[in-house]
1. Could you work out how far helix 154-167 tilts from the main Cα principal axis of the chain, as a 0 to 90 degree angle to the nearest 10?
2. What ranking, highest mean first, results for peptides 17-23, 122-128 when packing means the other Cβ atoms within 10 Å averaged over each residue?
3. Using R₀ = 22 Å, calculate the FRET efficiency as 1/(1 + (r/R₀)^6) where r is the Cβ-Cβ separation of residue 47 and residue 165; round to 0.05.
4. Give a residue-ordered list of calculated ³J(HN,Hα) values for the range 19-28 (Karplus: 6.51 cos²θ - 1.76 cosθ + 1.60, θ = phi - 60°; whole Hz; x for Gly, Pro).
5. Would you order 108, 141, 165 from fewest to most other beta-carbon atoms within 10 Å of each residue's own beta-carbon?
6. What 222 nm value per residue comes from the helices of the chain, counting each DSSP H run with n ≥ 4 as -39,500 (n - 2.57) and dividing by all residues, nearest 500 deg cm²/dmol?
7. How many angstrom lie between the C-alpha centres of the range 13-75 and the range 98-170?
Amino acid sequence: MRRIVFVEDTYGKEFHRAVMRKLAESRVLNPPANIRIDPRPVRKCDNELRRLVLSVAVSGEATKVLFVIDDEGRPDAGDSDVVRHLRNLPNVDVSIRVVAVSPMHEAWLCIGLGYDRRSCRSDPVGVLRSEEYEKRHLGQWAERMSVDRLMSERDFGEYLDALRWLARDP
């Protein structure tokens, strides 16, 4: 079974590695060692998504794919930006899930670092910028955040459920 996580940008890969380590340390999730965070950043609304998913499934091995995207204030972002490109895949053994972070990954970072939830959901970059945050710090700063603070967040709960799905054998 192949297990792959696609994220939107280079810094997201480091962020998700850190979050999975933190979830394992807190014993919330024990992700299998073979979960791969794909090195190619994925743009949400991109016709290349279909070719990308087919290329990882071409081996014939069962594959689970998780896309984690920013919804940027659009509740339908997962379906409209990702899933529509993956409808009617040819006969391959690929299962796909999409989790949309509201409004962006920095909201989880902001909340996980202990800032005000409402401010983090409305302008996470603005809140973090007061601490001289830059996008390239996403993965490094994730090492300092508490996943416990995120457990009550709906989108983080969906992410955790998706990681559990990814970890399970079919």
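1. 40
2. Ranked by mean Cβ neighbours within 10 Å, highest first: 17-23, 122-128.
3. Between residue 47 and residue 165 the formula returns 0.25.
4. 5, 5, 4, 5, 5, 5, 4, 8, 6, 7
5. On the way: 108 25, 141 20, 165 13.
Taking fewest neighbouring Cβ atoms as first place, the list is 165, 141, 108.
6. Numbers: 7 runs with 65 residues, N = 170.
After summing the helix terms and dividing by residue count, I get -11000 deg cm²/dmol.
7. Going from one Cα centre to the other spans 15 Å.
Rule-based calculations on the coordinates, nothing more; no lab input. What you see is a predicted model, and the numbers here were worked out from it, not measured in a lab. Every residue, glycine among them, receives a Cβ derived from its backbone with ideal geometry; neighbour counts consider all protein chains shown.
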